[in-house]
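A.B. asks: I have a structure here, written as structure tokens, and I will follow up with some questions on it.
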Amino acid sequence: PSQPPEMCYRVEKTGTDGSLLLHLIWMAPDPGGAKGRVLGYRVSINPHEPVQNVTETTLLLVVKEGNYSITVEAFNTAGFGPAARLQIDTQTQISLPSVRNLWISSNFPEDKELLVQWTLPGAPSSVPPGSHAAVRWHSEKNLSTSRWHRVDGFTSSAVITDVDPDESYLVSVFPVYNEQCGPPQSLAASLQHGALMEVVSLTVVSVTKTTVTVMWAWQRKSAPIRVDRYRLMLRRDTDTQILSLWPDQQHQHTFSNLIPSTEYSLLLLADNLSRTIILVATHFDEVPVVVTVTPLLLLVVSVMIISILSRTLSLLVCLSISSQSDSRNIQRRESRRPPD
């Protein structure tokens, strides 16, 4: 090979024992300039690590904090190519964000290529300026078939060509800042079906007067359909809220600012076609409920009071009649008694 591989690395903490995961990633040399197919790579890590020969373009090592010197050389039947070198200080690392909203589309059979799109990360001010992104893809059945594509830092898409219509591929995108790379976002795809993921199990989990909270899940695509984007729509007449769905984002959302006591339609859209429709009604407003209930309560209390008073009055009348009858009886007995 006439060119050294391009390299980047990522350091990840593993726990409280002080050990670290060192991810080494390199881009294979251009086959046209490699003077023959690359057979593998010789990786040297100083200090304390033996030389390794690998066929992949990634290597994962468990290391301690410290300084490391990394050398990677591609080789084929003609010999070893120029070495790529890295100097790594694990104590001065920057946490780098991954790309977001990764999706893959296909227009097969018109085009025999995959369109990979993503959103650039909102890198914090401490992150050095982004230099480029690396797109890697390989057959899901054969990891040694990795290919790479480099795009500049202001680009958020790439086109993958020379893909087999009968194969499925795992596509990963790494943001690269100088020699450091962020965590990859990965998605399986095929030329016939595009991204091999779909949204399922859409469920309403909570409803209030003005909000509706929903959940969903992503799974490996079960039907041979091709979808360029998934969206959720909550609508009532002209009142519409739309949310784009991505596998790497949270799987729950709350629609807010809704009208109380109103029925809405919740739609799962695959492109512009409805896959699922759920009718959901917001809760009643509390104010009219109180206004309605209060007169009823007053009526019930009034009836109870009238009933109690009526019973009391009846009892008093009965006692009065009984008292008058007893008095007459006493008078009759007194009048019939003979004089002394």
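A.B. asks: Can you give the convex hull volume per residue for the Cα atoms of segment 36-80, as a whole number of Å³?
C.D. replies: About 70 Å³ per residue, rounded to a whole number.
A.B. asks: What FRET efficiency would be calculated for the residue pair R311, T208, taking the C-beta separation as r and a Förster radius of 56 Å, to the nearest 0.05? Mind dumping the intermediate values first?
C.D. replies: Values: r = 46 Å, r/R0 = 0.82.
About 0.75, to the nearest 0.05.
A.B. asks: Additional query: How large is Rg over Rh for segment 54-104, taking Rg from the Cα atoms and Rh as the Kirkwood inverse mean of 1/r across Cα pairs?
C.D. replies: In segment 54-104, Rg relative to Rh is 1.08.
A.B. asks: For segment 160-271, give the percent of accessible area contributed by carbon and sulfur heavy atoms, probe 1.4 Å, rounded to a whole number.
C.D. replies: Of the solvent-accessible surface of segment 160-271, carbon and sulfur hold 45 percent.
A.B. asks: What does the accessible area of F108 come to, in Å² to the nearest 10, when a probe of 1.4 Å is used?
C.D. replies: Per-residue accessible area (F108): approximately 40 Å².
A.B. asks: A further question on this structure: Could you calculate the contour length gain from K64 to F154, that is, 0.36 nm times the residue separation minus the distance between their Cα atoms, to one decimal place in nm?
C.D. replies: My answer for the length gained is 28.9 nm.
A.B. asks: Continuing with the same structure: Please report the carbon-and-sulfur percent of the accessible area for segment 1-119; probe 1.4 Å, protein heavy atoms only, DNA, RNA and ligands left out.
C.D. replies: In segment 1-119, the share of accessible area belonging to carbon and sulfur is 49 percent.
A.B. asks: Considering only Cα-Cα distances, which of the following residue pairs are longer than 26 Å: K112/K221; K13/K141; K13/K221?
C.D. replies: K13/K141; K13/K221, as the Cα separations exceed 26 Å there.
A.B. asks: Label points 7 Å out from Cα along the Cβ direction at S274 and S256: separation in nm?
C.D. replies: Taking the simple label geometry, S274 and S256 are separated by 2.8 nm.
A.B. asks: Would you list which aspartates and glutamates come within 12 Å of K64, measuring only between C-alpha atoms, while excluding same-chain residues fewer than 8 positions from it?
C.D. replies: Qualifying aspartates and glutamates at Cα under 12 Å: E12, D17, E49, D89.
A.B. asks: Report the accessible area of R100, computed with a 1.4 Å probe over the heavy atoms of all protein chains in place, in Å² rounded to the nearest 10.
C.D. replies: Solvent-accessible area, nearest 10 Å²: 90 Å².
A.B. asks: Moving on to the next point. Can you give me the convex hull volume of the Cα atoms of segment 12-118, divided per residue and expressed in Å³? Walk me through the intermediate numbers first.
C.D. replies: Numbers: hull volume 16.0 nm³, N = 107.
Taking the convex hull of the Cα positions in segment 12-118, it is 149 Å³ per residue.
A.B. asks: Over the Cα atoms of segment 132-223, how large are the radius of gyration and the largest Cα-Cα distance (Dmax), in Å?
C.D. replies: When restricted to Cα atoms, segment 132-223 yields Rg and Dmax of 17.5, 55 Å.
A.B. asks: Compute the distance in nm between two label points, each set 7 Å from the Cα along the Cα-to-Cβ direction, one at I242 and one at E12.
C.D. replies: 3.6
The values are calculated or read from the model by the stated rules, or taken from the named source; none is laboratory data. Predicted model, so just to flag it, every value in this text is computed and none were measured. Quick reminder, even Gly has a Cβ in these numbers, built from the backbone with ideal geometry, and neighbours come from all protein chains shown. Side chains are part of the model used for accessible areas, which takes the heavy atoms of the whole protein and leaves out ligands, DNA and RNA. Shrake-Rupley method; radii C 1.70, N 1.55, O 1.52, S 1.80 Å.
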